[in-house]
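Report on the structure given below.
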Amino acid sequence: MERTKFCWFCRHNDEDFDYKNDKKLRRFITERGKIVPRRVSGVCARHQRKLKQAIKRARFLALLPYRAEVFR
Amino acid sequence: MRFYEVTFIVDDQIGEESIKAEVKKIEDFIGNNGGKVEKTGSLGTRRFAYPIKKREHGYYSFIQFWADPPLLPSLESSLRLDEAILRYLIVAAPKKHSEEQNREESPETSEER
């Protein structure tokens, strides 16, 4: 993921953190399934907290992986 | 009354009719126990990110509803005891959340019944 200066959610005025929308959440996890840190994604603290909650719920429902294999 | 959302995964090996009956059963449970179902939707059959009970895929459905907090433990136990439910998640959903979902209806979300 490219380093970004602006919080994606602030910029898009998006407050909808839906754990069922795994497509959107996938933008904020690495190919290994880890949550992308704020210093890389640029997400502000408030939105990162909500994002974290949504990703963890999605993981519980197997919509997102807890850990993913990287094939080379 | 508070606003909640329950998402659950139905074992898709029981057949389409049984899945529908299963969703209906949970809707009825909420309705018959002092809750009010606001919206029912589904994500369809999805492949899991990791196996659950040796299954690789399942049918995702969610119900948004109004209920008093005491309903939740009984709802939980009925979901837990149901063999066809592979997993469930009950969360307190903000009202705004549901209205937003009604507005931007995603293609895989079914209409309110």
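The values are calculated or read from the model by the stated rules, or taken from the named source; none is laboratory data. Keep in mind that this is a model prediction, so the values were computed, not measured. Virtual Cβ from ideal backbone geometry, glycine too; neighbours counted across all protein chains shown.
Couple of notes before you dig in:
- Flag for residue A:23 being at pLDDT 95 or above, charged (D, E, K, R) and closer than 23 Å to residue B:7 by Cα: no
- Of all residue pairs spaced 6 or more apart or on separate chains, those with beta-carbon atoms under 8 Å, a first member in the range B:40-55 that is within 8 Å of chain A (Cβ to nearest Cβ) and a second member that is part of a strand (DSSP E or B) and among the polar types (S, T, N, Q) are B:43/B:61.
- Checked across the range B:45-55, the condition of being under 12 Å from the mean Cα position of the chain (by Cα), modelled with pLDDT of 95 or more and farther than 18 Å from residue A:16 by Cα holds for no residue.
- Every pair of residues 6+ apart whose Cβ atoms lie under 9 Å, when the first sits in the range B:63-76 and is without any contact (Cβ under 8 Å) to a residue 40 or more places away in the chain and on the phi < 0 side of the Ramachandran plot while the second is of a type outside the set (D, E, K, R) and not in a strand (DSSP E or B): B:70/B:34
- Positions within the range B:7-39 being under 14 Å from the mean Cα position of the chain (by Cα) and polar (S, T, N, Q), in sequence order: B:7
- When A:32, A:67, A:3, A:49 are screened for being touching a residue at least 12 places away in the same chain (Cβ under 8 Å), over 18 Å from residue B:48 (Cα atoms) and surrounded by fewer than 16 Cβ atoms within 10 Å (Cβ to Cβ), only A:3 passes.
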